[in-house]
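Working notes for the structure below.
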Amino acid sequence: MTDTSAINDADAAAQPQAAARPASLLVLVFVSVSFGLAFGIYDLLLPLYWESRNISFTTMGYLFSIAAAVIFVMRIYVGRLSDRFGRKPFYTASLVVSGLANLATPLLPHIVMQGVLKTSREMSALVRDTMHSILLYERDSKTFMGAVGITRGAEFTCHGIGSLMAGAIAAAMAVTASQPNYRAPFAVSAILVLIATVAFAFFFKPAPADAPAVPARKAATLHELLSTDLPPKLWLLVAFGFTFEVGIWATHCFVMQLYFKGMLNDTLQISATQMIFGLGVIFALHRLTSGIPMMLIGPRLKKNLKWLFILFVFSEGVALAAAPLIPNPWIALAVWLTHDLFGAGIWSPIHHHYIQKYSRPHRRGSDVSKVMALGQLGQIAGPLLASFLLAHSAPGYLGAPFIVGGIIISLSSLILLKL
């Protein structure tokens with residue numbers, strides 16, 4: 001005979017959980033929107049602010065690479081701690097640190113402090129990225145790709161809008177036509193992160209799976225954190241991630257802003273504040289071409305995931321490599337803007353799906369963070385490669401990192417044939 005009381009109890013317990021799922025997704029969408037706007041402001045202005053402080057290309061490369069190196073162990077360790085204490089505390093802390101770093105960047109111009117702030121912001125952003133993905137998967141694994149597509153798509157779209165905001169604020173509050181105001185946009189970005197922090201801390205309700213998997217488990221040693229104990233498929237994703245990150249960070253570090261700044265100056269002969277607004281338009285289009293496909297296509301990805309993954313990683317690399325080889329700057333810009341439209345805008349949710357799929361449930365935080373951290377070691381090499389290529393290019397030519405980085409990205413797709 002069926003125990004109807006037990007069934008009723010189970011149904012009653014499931015109803016709040018089911019009701020919480022849409023609410024938790026809405027909170028993460030809101031946080032993604034706020035964080036995306038803030039990051040769009042920060043991402044556009046940081047290299048321009050550094051250039052205004054007469055920081056060289058080589059030093060910029062070192063600042064990006066040092067940040068990536070320092071956060072490697074921290075990201076793995078936080079992932080492991082989240083298996084014991086839950087994801088929400090680390091997500092919240094990452095937002096707080098990110099907001100403070102955004103606010104302090106134009107207030108502490110010394111090169112050492114810029115390195116500390118850059119490292120802190122990157123560390124917090126990557127910890128948040130790890131926790132965000134895990135929270136979505138533990139919320140509902142069956143709708144994970146759709147949820148990733150919606151939240152990350154909203155974030156990338158707002159990243160573009162944030163870039164446009166940065167240009168508008170810097171131009172509107174410029175000290176002179178040739179001296180943009182950097183403090184105001186960075187302050188706005190910090191306020192946006194603060195809003196995201198409050199929303200997440202007070203309104204996000206984690207799924208039961210977010211509870212510590214093994215509460216009594218002892219803290220991990222450094223040897224355990226750096227061990228090679230990962231399933232084979234995850235090591236394949238590590239190899240892909242590392243190779244891809246070398247290529248993407250050779251093209252998407254400080255090079256983007258300075259490359260398109262030169263293009264605008266050469267073709268339009270505009271003032272410094274007008275140039276920042278023009279960059280905001282370009283970067284808004286850049287992020288819209290990734291954010292919109294994620295939101296529209298991510299929830300509909302069901303079949304042929306492996307081959308879509310390979311195809312769109314390859315095409316992203318081709319677009320990046322081809323753009324600087326095109327003589328007409330506006331056609332080159334149009335080709336460059338397709339690299340996410342037919343690239344990460346489609347394959348990014350698939351990538352997150354495979355990482356979660358092959359991670360072990362009882363060590364999900366550790367596995368996911370380790371895969372992402374090991375792959376993102378490529379962020380150390382990418383900016384250094386860009387600095388090296390610029391140092392050995394003809395004076396004023398900034399296209400070499402795009403060509404070499406794009407080729408590396410296309411080659412990284414071949415690793416996925418074994419997936």
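FYI, it's all coordinate maths here, none of it is from the lab. Since we're looking at a predicted model, the values are computed, not measured. Note that each Cβ is placed from the backbone with ideal geometry, even for glycine, and that neighbours are counted across all protein chains shown.
Using alpha carbons only, how many angstrom separate the centre of region 280-319 from the centre of region 241-279?
Taking the Cα centre of each part, region 280-319 and region 241-279 sit 20 Å apart.
How large is the Kirkwood hydrodynamic radius of region 341-419, counting all unique pairs of alpha carbons, in Å? Each step should come with its number before you reach the end.
Values: mean 1/r = 0.0669 Å⁻¹.
After inverting the pairwise mean of 1/r, the radius is 15.0 Å.
Relative to the compact globular guide of 2.2 N^0.38 Å, what is the alpha carbon radius of gyration of region 244-365, as a ratio?
Values: Rg = 17.0 Å, N = 122, 2.2 N^0.38 = 13.7 Å.
Taking N as the residue count of region 244-365, the ratio is 1.24.
Nearest 10 degrees is fine. How inclined is helix 88-104 to the longest principal axis of the chain, computing both from alpha carbons?
With rounding to tens, the tilt is 20 degrees.
What's the FRET efficiency of A23 with L308 using the Cβ-Cβ distance as r and R₀ = 35 Å, to the nearest 0.05? Provide the component values of the computation, followed by the final result.
On the way: r = 31 Å, r/R0 = 0.89.
For A23 and L308, the calculated efficiency is 0.65.
Among the listed pairs K261/K302; K205/K302; K205/K357; K205/K306; K88/K418; K142/K418, which are separated by more than 31 Å between their Cα atoms?
On the way: K261/K302 40 Å; K205/K302 28 Å; K205/K357 23 Å; K205/K306 33 Å; K88/K418 35 Å; K142/K418 24 Å.
Violating the 31 Å Cα-Cα cut-off are K261/K302; K205/K306; K88/K418.
Report, in degrees rounded to the nearest 10, the 0 to 90 angle that the Cα long axis of helix 144-172 makes with the longest principal axis of the chain.
Helix 144-172 and the main axis of the chain meet at about 30 degrees.
Using only Cα atoms, find the angle between the long axis of helix 4-52 and the longest principal axis of the chain, and express it within 0 to 90 degrees, rounded to the nearest 10.
Approximately 10 degrees, to the nearest ten.
In nm, to one decimal, how far is the modelled label at R360 from the one at S271, with both set 7 Å along Cα→Cβ?
It is 6.2 nm.
By its C-alpha gyration tensor, with a ≥ b ≥ c as the square roots of the eigenvalues, how is region 284-343 shaped: rounded for a/c under 1.5, else prolate for a/b larger than b/c, else oblate?
Details: a/c = 4.45, a/b = 1.69, b/c = 2.63.
Because a/c hits 1.5 or more and a/b fails to exceed b/c, region 284-343 counts as oblate.
Is there a quick way to get the dipole size of the chain? I mean about its Cα centre, with the Cβ of Lys and Arg at +1 and of Asp and Glu at -1; what is the value in debye to the nearest 20? List each step's numbers first, then the result.
On the way: 30 positive and 19 negative charges, 122 e Å.
For this selection, approximately 580 debye.
Extension gain S141-V198, at 0.36 nm per residue separation less the Cα-Cα distance, in nm?
Values: separation 57, 0.36 × 57 = 20.52 nm, distance 2.62 nm.
Result: 17.9 nm gained on full extension.
Please give, to one decimal in nm, the separation of the simple spin-label points placed at I331 and M173, each 7 Å out from Cα toward the Cβ.
Inter-label distance under the simple model: 4.2 nm.
Sort the following peptides by mean Cβ neighbour count (other Cβ atoms within 10 Å, averaged over residues), highest first: 106-119, 76-89, 351-364. Kindly include the intermediate steps, with their values, before the conclusion.
Numbers: 106-119: 15.9, 76-89: 20.9, 351-364: 19.1.
By packing density, highest mean first, the sequence is 76-89, 351-364, 106-119.
Determine by what factor the alpha-carbon radius of gyration of region 243-284 differs from 2.2 N^0.38 Å, reporting the quotient. Present the calculation step by step, with values, prior to reporting the outcome.
Numbers: Rg = 12.0 Å, N = 42, 2.2 N^0.38 = 9.1 Å.
So region 243-284 has a normalised radius of gyration of 1.31.
Report ³J(HN,Hα) in whole Hz for each residue of region 360-370, in order, from the Karplus equation J = 6.51 cos²θ - 1.76 cosθ + 1.60 where θ = phi - 60°; Gly and Pro get x.
7, x, 6, 9, 4, x, 5, 5, 4, 5, 5
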